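Student: Dropping a structure here in structure tokens format, bear with me for questions.
The values are calculated or read from the model by the stated rules, or taken from the named source; none is laboratory data. Just so it is clear, the model here is predicted, and its values are computed rather than measured. Neighbour counts run over all protein chains shown; Cβ positions are idealised from the backbone, glycine included.
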């Protein structure tokens, strides 16, 4: 932790999160999305890259239920999931 | 009086013994050649002016030393803000330098070749009665890609408990690349009796992680959260806001 006694070594300094803290989901409104996400993770050997769609769905659920400040999805790093593929009908994008 | 001064001054000079003998010889010589009164007078005047010279010299030296001392004290006070400025400019000691721009999240591209395993750890303080654990032990992420992870906390007691948490990232140097967009730390979280909640952490690893030569060997990052019980009336300083 940051109680290392030597002056030369770097110690860890915790930083506050960029967008603050998530309010607690006391009523389990987004539990279903969370379960989908966890199942996806377990099926894909915990590879986050394969489950980004589910994580996007979970965050959208939070935003819909006032459990998270509404943000455009690019700001959350989901720009690639938002771009509509030019040749197909898009299912992912949200205005 | 005069002779004790003389002795003192001569002992200050280098080669004092030689000077002393020479001086006594000179004194004897002068005493024999000149009348006693004149000798004393001229010697007195000469030594008095020498005394004054030494006195002013001592005073100058002391003034310089005092000025140096005051200068040192002033420097040690000035060092605190100067060092802080230097740290912010150079990023020493883990202060925020690389990529703490929230705009970066929108424009960063994932570095797909570099897969990092992030393991999760959950701790509670001894007097904290929540059951707190991660819902996944590890997750594989790449720098530049946002990731979601969950912890679960349950309050098994019959009274509401308010908790507050902090986190730690190991290895320490990787901690500056580990950015949390949103989590559940540093704010009071209240759990009612027998309530269980999911606590998400939304984070990403800065893409510059891949370019840092010190991080070339790092393949595992451990994120560790610790929950403490928040007491009434206790106000914890929010890290990162109290220093800057």
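Student: Which of (1) over 29 Å from the mean Cα position of the chain (by Cα); (2) modelled with pLDDT of 90 or more; (3) more than 8 Å from chain A (Cβ to nearest Cβ) does residue B:135 not meet, given it meets every other one?
Tutor: Condition not satisfied by residue B:135: (3).
Student: Here is a further query. I'd like the full set of residues that are closer than 14 Å to residue B:202 by Cα, free of Cβ contacts under 8 Å to residues at least 40 places away in the same chain and facing chain B (nearest Cβ under 10 Å), limited to segment A:60-73.
Tutor: Scanning segment A:60-73 gives a single hit, A:73.
Student: Right, next: Tell me, which strands (runs of 3 or more DSSP E) wholly within segment B:165-244 include 2 or more residues that are at pLDDT 85 or above and either surrounded by fewer than 16 Cβ atoms within 10 Å (Cβ to Cβ) or within 28 Å of the chain's Cα centre (by Cα) (or both)?
Tutor: On the way: elements: B:178-182, B:189-191, B:196-205, B:220-229.
Result: B:178-182, B:196-205, B:220-229.
Student: Tell me which residues, restricted to segment B:101-118, are under 30 Å from the mean Cα position of the chain (by Cα), surrounded by 14 or more Cβ atoms within 10 Å (Cβ to Cβ) and modelled with pLDDT under 80.
Tutor: Residue satisfying the conditions is B:104 alone.
Student: (1) touching a strand residue (DSSP E or B) at 6+ places or on another chain (Cβ under 6 Å); (2) in a loop (DSSP other than H, G, I, E, B): which one isn't true of residue B:150, the others all being true?
Tutor: (2)
Student: Hey, among the residues in segment A:32-59 that are facing chain B (nearest Cβ under 8 Å) and in contact (Cβ under 8 Å) with a residue 24 or more places away in the chain, which one's farthest from the chain's Cα centre (by Cα)?
Tutor: Checked segment A:32-59; the qualifying residue farthest from the chain's Cα centre (by Cα) is A:34.
Student: Kindly evaluate residue B:139 against the criterion of being under 21 Å from residue A:42 (Cβ atoms), crowded, with 17+ Cβ neighbours inside 10 Å and free of Cβ contacts under 8 Å to residues at least 24 places away in the same chain.
Tutor: yes
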